[in-house]
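First the structure, in the form of structure tokens, and then the observations on it.
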Amino acid sequence: MEFRKVWKDIQNKNARKKGVKAYYNSGQVYFSRLFGYERFEDKYIPIPKYSDAIKKIYDMLIGGLSLPEIKKELDLTGHRDSSNNKYSFDRICSVIRPIYAGYLHQGLKLIQINNIEPLITIHVYNSALKALKHQIKKTAEV
């Protein structure tokens, strides 16, 4: 009897994995919330007041600015997050995600998402991620 339960659990888990893989491979995903975007029909469109700040974060990070310098620049230019707060370090770091380039992680692979209008290219994302990792490593060493 116990074997049947274990076997059924394995089958259910495999069915869920196949369903998730099919969902992501369809090229269309749906979010309850996605910072910087609004959903219009089946597509996610950037909201200009947030997308400008998101692009600026990528540019400054790639340009070699530190997180405190990026935060200071966003504060000086009056950029606010969706709660109308100043950008925190966590919010700045959370923007460095492949979704803003129109990609999503599925396991160890990046897959392209068709229903999101990208704000940046995948190359810009990779460069910013590398710069962010370097900053975090540098900060941890101090």
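The values are calculated or read from the model by the stated rules, or taken from the named source; none is laboratory data. Because the structure is a prediction, the values reported are computed rather than measured. Positions of Cβ are generated from backbone atoms using ideal geometry, with glycine treated the same way; all protein chains shown enter the neighbour counts. Heavy atoms of the whole protein, side chains included, go into the accessibility calculation; ligands, DNA and RNA do not. Shrake-Rupley method; radii C 1.70, N 1.55, O 1.52, S 1.80 Å.
Annotations for the structure displayed:
- If the condition is being open to solvent by 90 Å² or more (accessible area, probe 1.4 Å), at pLDDT 90 or above and under 29 Å from Ala131 (Cβ atoms), then the range 13-47 contributes only Glu38.
- Within the range 98-124, considering residues that are in contact with a Leu (Cβ under 9 Å, 6 or more places away or on another chain) and of a type in the set (Ser, Thr, Tyr), the one surrounded by the most Cβ atoms within 10 Å (Cβ to Cβ): Tyr100
- Verdict on Ile47 being under 15 Å from the mean Cα position of the chain (by Cα) and either of a type in the set (A, V, I, L, M, F, W, C) or closer than 22 Å to Lys138 by Cα (or both): no
- Neighbours by Cβ (under 8 Å, 6+ apart or cross-chain): first from the range 42-65, without any contact (Cβ under 8 Å) to a residue 24 or more places away in the chain; second surrounded by 17 or more Cβ atoms within 10 Å (Cβ to Cβ): Ile47/Gly36; Ile47/Tyr37; Lys56/Leu74; Lys56/His79; Met60/Ile70
- The range 111-131 residues that are more than 21 Å from Leu67 (Cα to Cα), paired with ones that are of a type in the set (Asp, Glu) and exposed (fewer than 15 other Cβ atoms within 10 Å of the Cβ) (beta carbon under 6 Å, 6 or more apart): Asn115/Asp42
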